[in-house]
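The values are calculated or read from the model by the stated rules, or taken from the named source; none is laboratory data. Since we're looking at a predicted model, the values are computed, not measured. Cβ coordinates were reconstructed from backbone atoms using ideal geometry, including for glycine residues, and neighbour counts include every protein chain displayed.
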Amino acid sequence: MNAIEIIDRVRAEGAELVVEGDRLLVRGDRDRLPEDLRRSLSEHKAELMVALGQPLDRAVASILDSIRPHLSPALQRLPDDRLLALVNWNIITAWGAAVRKANER
């Protein structure tokens, strides 16, 4: 499910998504949101915040904050710009590997 689909589902449940600072808020009857939709809100928070107009630098910071706990202590201490460069490099490397693998078939 992408951000637009999630926003549409939230609206269909009689609620709205709002960005306030670094927070994604549900306005309306959030008790009515199905569990799978609440899980999608959490999993796609950064994407939703960008779709709802949050500045890109805040969205990137949110993404990096969500991955830091899964990194080694040395990587956790990196400033955002350096960590983002490493993340991007790993994405490029993984993309290249996937393309090479697809071409082998």
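For region 40-68, the candidate set comprises residues that are touching a residue at least 24 places away in the same chain (Cβ under 8 Å) and charged (D, E, K, R); within that set, the residue that is surrounded by the most Cβ atoms within 10 Å (Cβ to Cβ) is Glu47. Would you confirm whether any residue within region 13-21 is touching a Gly at 6+ places or on another chain (Cβ under 9 Å), modelled with pLDDT under 85 and over 21 Å from Ile67 (Cα atoms)? Looking through region 13-21, none of the residues is touching a Gly at 6+ places or on another chain (Cβ under 9 Å), modelled with pLDDT under 85 and over 21 Å from Ile67 (Cα atoms).
Of all the residues that make up region 64-95, how many are among the hydroxyl-bearing types (Ser, Thr, Tyr) and more than 19 Å from the chain's Cα centre (by Cα)?
Residues meeting the conditions: 2.
Every test in (1) at pLDDT 90 or above; (2) acidic (Asp, Glu); (3) closer than 23 Å to Ile67 by Cα is passed by Glu47 save one, and that test is (1). Is there a residue being part of a helix (DSSP H, G or I) and at pLDDT 90 or above anywhere in region 50-57? Checked region 50-57: at least one residue is part of a helix (DSSP H, G or I) and at pLDDT 90 or above. For region 1-49, filtering for residues that are in contact with a Lys or Arg (Cβ under 8 Å, 6 or more places away or on another chain), assigned to a strand (DSSP E or B) and of a type in the set (A, V, I, L, M) leaves 4.
Considering (1) buried (at least 17 other Cβ atoms within 10 Å of the Cβ); (2) hydrophobic (A, V, I, L, M, F, W, C); (3) in the same structural domain as Ile91 (by TED's automatic domain parsing), the lone condition that Leu78 does not fulfil carries the number (1).
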